[in-house]
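Bear in mind these aren't lab numbers, they're just calculated from the coordinates by the rules spelled out. This is a predicted model, so every value here is computed, not measured. Ideal geometry is used to build each Cβ from the backbone, glycine not excepted, and the neighbour counts take in all protein chains shown.
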Amino acid sequence: MENLNKKTVAILATNGFEESELREPKKALENAGADVHIVSLESGEIKSWSDGNWSQSYKVDKTLSEVNQKDYNALVLPGGQMNPDILRNDKNAVSFVKSFFDNHKPVAAICHGPWLLAEAGVLKGRKITSYSSIKTDMINAGANWVDEEVVVDSGLVTSRNPNDLPAFNAKIVEEVYEGKHEEQTA
């Protein structure tokens with residue numbers, strides 16, 4: 001297993017995130033030695049969504065106003081319908097996401113999480129996957145959408161849904177371990 005000691009990863013989320021899509025990547029990264037921060041719009045706690053209902057609350061480690069991509073080696077974007085929809089309407093959240101691409105750092109997004117990538121304008125020419133209902137949004141944002149368990153394109157890791165979490169988590173750990181990525185040339 002990769003040793004991610006001295007690597008710090010941000011998970012950007014707000015109320016309504018799909019619980020397993022935050023909990024499982026966080027656990028995988030921490031088990032590999034990374035320091036993981038839940039970053040959100042406001043301090044306190046954010047509430048997860050699981051099996052069609054509100055579920056556990058998770059402590060926010062840092063607010064968006066307290067962080068910069070320079071603080072992190074990678075970014076994880078969990079899905080759920082509400083979470084990315086709220087975040088893509090926040091210009092600071094969108095700028096935070098875009099800054100990881102500008103600095104060629106690994107980004108992982110699952111389910112509806114890629115909505116944030118579309119909003120940040122970083123999908124043109126990229127091979128990705130997502131939850132099937134947002135396929136058209138991804139194609140309209142310039143992505144080459146495929147229906148696969150996990151897709152990696154120059155440090156961008158995407159998956160479709162919670163069933164893909166084992167493959168998604170393995171690829172996140174691998175990409176964080178490898179670090180910065182060269183800019184993709186089309």
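The table that follows gives values for the structure above.
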quantity: Qualifying strands (runs of 3 or more DSSP E) (wholly inside segment 18-126; at least 3 residues being under 26 Å from Asn5 (Cα atoms)); calculated: 35-40, 74-77, 107-110
quantity: Thr136 crowded, with 23+ Cβ neighbours inside 10 Å and more than 24 Å from Asp71 (Cβ to Cβ); calculated: no
quantity: Residue selected from segment 127-143 under the condition of a type in the set (Val, Ile, Thr) and either touching a Ser or Thr at 6+ places or on another chain (Cβ under 9 Å) or part of a loop (DSSP other than H, G, I, E, B) (or both), by the criterion farthest from Leu165 (Cα to Cα); calculated: Ile128
quantity: Filtered residue count, segment 1-18, keeping only those that are among the acidic types (Asp, Glu) and within 21 Å of Leu64 (Cβ to Cβ); calculated: 1
quantity: Boolean, Ile86 is closer than 26 Å to Ser132 by Cα, surrounded by fewer than 24 Cβ atoms within 10 Å (Cβ to Cβ), touching a residue at least 40 places away in the same chain (Cβ under 8 Å) and of a type in the set (Val, Ile, Thr); calculated: yes
quantity: Which numbered condition Gly80 fails, given (1) surrounded by fewer than 24 Cβ atoms within 10 Å (Cβ to Cβ); (2) touching a residue at least 40 places away in the same chain (Cβ under 8 Å); calculated: (1)
quantity: Selected residue (criterion: surrounded by the fewest Cβ atoms within 10 Å (Cβ to Cβ)) from residues of segment 1-54 that are within 22 Å of Asp85 (Cβ to Cβ) and of a type in the set (Ser, Thr, Tyr); calculated: Ser43
quantity: Residues satisfying the stated conditions in segment 118-170, i.e. closer than 15 Å to Pro84 by Cα, of a type outside the set (Asp, Glu), free of Cβ contacts under 8 Å to residues at least 24 places away in the same chain and touching a helix residue (DSSP H, G or I) at 6+ places or on another chain (Cβ under 9 Å); calculated: Gly121, Ile134
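Here is a yes/no grid of residues against (1) touching a His at 6+ places or on another chain (Cβ under 9 Å); (2) under 22 Å from His104 (Cβ atoms):
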residue	(1), (2)
Leu4	no, yes
Glu24	no, no
Ala32	no, yes
Asp61	yes, no
Asn68	no, yes
